[in-house]
Amino acid sequence: MTPPHTLGIVTTAFVASFLVAVFLVLTQKYHGRYSNDETHGVQKSHRTATPRIGGVAIVFGLIVAWAMADVKTQAILGPLLLAGFPAFAFGLAEDLTKKIGVMPRLLATFASGILGWWLTGVSLSSVDIPFLNPFLGITLISVLFTAFAIGGVANGINIIDGYNGLASGFVTLALVGVGAIALDSKDMGLAVACFALAAAFMGFWLVNWPWGKLFLGDGGSYFGGFALAWACVMLIERHPEITAFAPLLVCIHPVTEVLFSIYRRKLRRSNIGHPDRLHLHNLIMRRIVRTRLKVRPQFSNPAAGLLLALMSLPAIVVAYAVHESIVWGASMSLVFMLGYVALYARLVRFHWCSPLAFLLFKPSLTIKPAR
């Protein structure tokens, strides 16, 4: 594929997504009664009713990119679009009706992972963990493990979708990271698919950030999480020389967010499916952006979103640097996970402490009031 044609696919995905996003904003009065995200709710940080169907723009941009792509890229984008339909559809149904529970949406992402295997025959056969790899040789276990991993990433993207530009900014950067690794491995088809996906998310991002005229919604976040996770699965299955810890590093923020959220909610004896304002991005907003940086209230939301999205860059860069080393990949994954816990501990206890001690000493999960 020639570079101009590659650029054309990526540009088309960006422009199509952006134009549809703008169209959705301009036509809010016609669909707002169904699509608006109201201002009440424990996790809400916006002040006016805003459409939450930004995923429509992203999927449309991707469909247009698929239509003009070469055969190799279509072979990746086509199954991805089809397999991602359950995750997108159930998320969009929640955006429009506000009546689809967490479990049906999560099961829909699992279904997308299974559908992806059914369409392509691809599932995780190795994750570079000795005691797991033998089990992944069994097709049923491999498919279920892949679906579970994809669902975890998709749920993580949905969790971090709290501020303008955060989730879409992270997914954009992560997909560029996966695409760069694919390009380094001479896999032009996967690289172009990742860059087209990133461009579609960037088209939406320009409407979402900074003023939040359109939200990603559950449809966009679940589809984005599925697309990113599926690209990671394709990367390590098409290139055995790439360690599975490289895509883990790329997705380290949402993965750690999911695992730590389950852990702290279990300790606090709260429902793991109920929303709260104790995620890392909530604490950074309150205790860094507003308190330390003194950002004005009208700018704090986009400032927090941009800051948190950019905080994922170090892990993505490291993933690219160590993508062929199991030892470095595993070591750096542990470093970034423990770094997340250390930062969380600093924000809730107001002093640095060992992340292991913070995890093991249950009372330390009590959230102290801001000073």
Neighbour count of at most 12 Cβ within 10 Å plus DSSP loop: longest GluC sites (Glu not before Pro)-free window in the chain: 39-240
Residues in the stretch 309-329 that a label on Ser126 would reach, taking backbone N under 20 Å of a point 7 Å out along Cα→Cβ: 319-329
Which of Thr73, Thr97, Thr256 has the fewest Cβ neighbours within 10 Å, and the rest in rising order: Thr97, Thr256, Thr73
Label-point separation, Phe135 to Lys294 (7 Å along Cα→Cβ), nm: 5.4 nm
Out-of-range pairs (alpha-carbon distance over 29 Å; input Lys98/Lys294; Lys98/Lys213; Lys213/Lys266; Lys29/Lys98; Lys29/Lys99; Lys98/Lys266): Lys98/Lys294; Lys213/Lys266
Where only alpha carbons of the chain are counted, the Rg and the Dmax (Å): 19.7, 58
Listed residue (Ala304, Pro254, Gln74) projecting farthest to the positive dipole end of the stretch 3-365, Cβ model: Ala304
Residue order, fewest to most surrounding Cβ atoms within 10 angstrom, among Tyr163, Tyr30: Tyr30, Tyr163
Extension gain, Arg277 back to Ala342 (0.36 nm per residue minus Cα-Cα distance, nm): 21.6 nm
Candidates Gln28, Gln74, Gln298, ranked by Gaussian network fluctuation over the chain, Cα under 10 Å, top entry: Gln298
Relative contact order of the stretch 3-365, pairs being alpha-carbon contacts under 8 Å that are 6 or more residues apart, as %: 21 percent
Order of Ser270, Ser112 under a 10 Å beta carbon neighbour criterion, fewest first: Ser270, Ser112
Calculated from backbone phi, Karplus (6.51, -1.76, 1.60) coupling profile of the stretch 289-305 in Hz, x at Gly/Pro: 5, 7, 7, 7, 7, 6, 6, 4, x, 5, 10, 5, 4, x, 5, 5, x
13 Å reach of a label modelled at Ile326, 7 Å along Cα-to-Cβ, counting backbone N of the stretch 221-240: 240
Residue of Leu140, Leu310, Leu206 that the Gaussian network model of the chain assigns the largest fluctuation, springs spanning Cα pairs under 10 Å: Leu140
Spin-label model distance (nm) - Leu26 vs Ser270, 7 Å beyond Cα toward Cβ: 4.2 nm
Rough spin-label spacing in nm, given labels placed 7 Å along Cα→Cβ, for Val15 and Ala75: 2.8 nm
Check: the chain dipole with +1 on Lys, Arg Cβ and -1 on Asp, Glu Cβ, in debye: 2060 debye
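Where a number appears in this text, it was derived from the coordinates with a stated rule and is not lab data. None of these values were measured; they are calculated from a predicted model. Note: ideal-geometry Cβ built from the backbone for every residue, glycine included; neighbour counts use all protein chains shown.
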